[in-house]
1. Can you name every residue in the stretch 69-87 that is open to solvent by 10 Å² or more (accessible area, probe 1.4 Å) and of a type outside the set (D, E, K, R)?
2. So, in the stretch 415-427, how many residues would count as being at pLDDT below 90 and among the aliphatic types (A, V, I, L, M)?
3. Of all the residues that make up the stretch 361-385, how many are closer than 15 Å to Gly232 by Cβ and not in a loop (DSSP other than H, G, I, E, B)?
4. Please work out which one of (1) at pLDDT below 95; (2) over 20 Å from the mean Cα position of the chain (by Cα); (3) over 13 Å from Val194 (Cα atoms); (4) surrounded by 14 or more Cβ atoms within 10 Å (Cβ to Cβ) is the condition Trp412 fails and give its number.
5. Can you tell me which residue among Leu436, Leu364 is over 24 Å from the mean Cα position of the chain (by Cα) and closer than 27 Å to Glu186 by Cβ?
6. Just to check your reading of the model, which residue among Arg347, Arg353, Arg290 is open to solvent by 30 Å² or more (accessible area, probe 1.4 Å), at pLDDT 80 or above and either in contact with a Lys or Arg (Cβ under 6 Å, 6 or more places away or on another chain) or β-branched (Val, Ile, Thr) (or both)?
7. Within the stretch 265-275, identify whether any single residue is of a type in the set (S, T, N, Q), in a helix (DSSP H, G or I), at pLDDT 90 or above and open to solvent by 10 Å² or more (accessible area, probe 1.4 Å), and answer yes or no.
8. Take the residues in the stretch 88-111 that are in contact with a Lys or Arg (Cβ under 9 Å, 6 or more places away or on another chain) and of a type in the set (Val, Ile, Thr), then tell me which one is surrounded by the most Cβ atoms within 10 Å (Cβ to Cβ).
Amino acid sequence: MPRLTCFAPATDGGQDLLDRHVAPLAEALCAELRVVRPPADRREGMRAEFGRTDVTIWDASLEDERGVYDAMTMWTKLRRKNVIVSRTPLPRNVLTWHQFAPVHGSTFGNDAIGAWLARHLAARFGVPLPEPALDGPSPAGHYWMYDRPAEHFLSFRGTHQQAAEAWREAFERDRGTTVRMVPPCEFSYPTEVVTRAQMWEGVARLQREIEATSRILVYLTGDYADSFWCAGELMCAAYMLLHTQGVRLGRLPRIADAQVVLPGVPGTTPLTEAAARGLLRLPDHGQVRRLTVLLTNCDPVSAAPESRIAPTGPARPLSRVLRRWGFYDPEVVQEHFWSRVRVPCPRCAPHGRAPDALDWDAFLRAPEQSGGVDAFGYFDAPQDGLTAGRVACPGCGRDCRLVNRRGVRTLWMPLLTTEADRDRPVVVRTPVWEVLTDG
């Protein structure tokens, strides 16, 4: 008999999902169901993780102050027995192998979650279950991690969304395949103010997307290299391809193929051939090694959020051991790496930079640059200075006007065993600030 554990928040939505979907699915599977409700701490999470549970379902919806996040541990993200579902967007640093949650600015209903759970559990246990209609985005248009959302990942500038979608439709029709495009604003809004860590979190999530499909298509427009995120996708593709070709640069995933699409030109060109022809520039091995350190410490799957706190006492020798694998790098175990923000200046941002002119060293140091404006138009600012609604760009002197019209982003920060304040929030909420571009 399968054994299921469900962590359910103390909300009406949590009870409804449990009553109308989770419990009936457990009955259809002839599974034993154990329900854990708040207050529950990490001991309950560890019991589910290493006890006699085959699948743990986490309703990670944030409809109250703490949800089920007091019980979560790093193992919740790392082990594939866990399934995370949510009616609300997840914290930035919560990402696991099997999940169904909306992007920022959206919500899901329990019927959509229940339909996804039915399909997932039926496939997982090899038991036929009724297949309810999935009322939501198509698999290629939403982020489902390693449930194989598509066969290719398309890297493109958001400024060419319609043209890229038209090309994708023709490619899918001609090749009989599926292509994943990141929905607009899934990881950040075009002029969003972001922290240093958040920039590398975004790149790490994009790398996970590429890894999930194992094939990347680079839609190489004239402004492709203007985007920090596109540059991140290209660098990830380059180092994953190097690993596939036998170059050992650390713990790298592999991809099967990387092709370049030139708008208006039939067919595709292998990434390495495009670089040889001078159409774009690829990073060298040293630059790739630098990226792996940053992604190791900011990857929402493998990075512990408490790693931002410098280890003390007996934990210090362990941190030195872990540093050999890239964790606890001194650069990221600093508060300013996580709280200092980068403000995008529309006037100082590059416009039409040639892909073969992309400076990879400038890309790698951009989020950490403390003086002036970086190669992608971002500059450093203190987070508490944003509430004034204006911040001056050190490059052009322009006042960047700020607005918070999209609520908050959240970050999971579990309690450490050494912390005295056991009642502090485990979910940190920060306003989403954007730079206005209208005038």
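The values are calculated or read from the model by the stated rules, or taken from the named source; none is laboratory data. Since we're looking at a predicted model, the values are computed, not measured. FYI the Cβ positions are ideal-geometry reconstructions off the backbone, even for glycines, and counts take in every protein chain you see. Side chains are part of the model used for accessible areas, which takes the heavy atoms of the whole protein and leaves out ligands, DNA and RNA. Shrake-Rupley method; radii C 1.70, N 1.55, O 1.52, S 1.80 Å.
1. Selection gives Met74, Trp75, Leu78.
2. Qualifying residue count for the region: 3.
3. Within the stretch 361-385, residues that are closer than 15 Å to Gly232 by Cβ and not in a loop (DSSP other than H, G, I, E, B) number 9.
4. Looking at each condition in turn, Trp412 falls short on (2).
5. Leu436
6. Details: Arg353 fails: either in contact with a Lys or Arg (Cβ under 6 Å, 6 or more places away or on another chain) or β-branched (Val, Ile, Thr) (or both); Arg290 fails: either in contact with a Lys or Arg (Cβ under 6 Å, 6 or more places away or on another chain) or β-branched (Val, Ile, Thr) (or both).
Only one candidate qualifies: Arg347.
7. Filtering the stretch 265-275 down to residues of a type in the set (S, T, N, Q) leaves 268-269, 272.
Okay, now just the ones that are also in a helix (DSSP H, G or I), so 272.
With at pLDDT 90 or above added as a condition, the list becomes 272.
This time we only want the ones that are open to solvent by 10 Å² or more (accessible area, probe 1.4 Å), so: 272.
Checked the stretch 265-275: at least one residue is of a type in the set (S, T, N, Q), in a helix (DSSP H, G or I), at pLDDT 90 or above and open to solvent by 10 Å² or more (accessible area, probe 1.4 Å).
8. By that ranking, first place goes to Val94.
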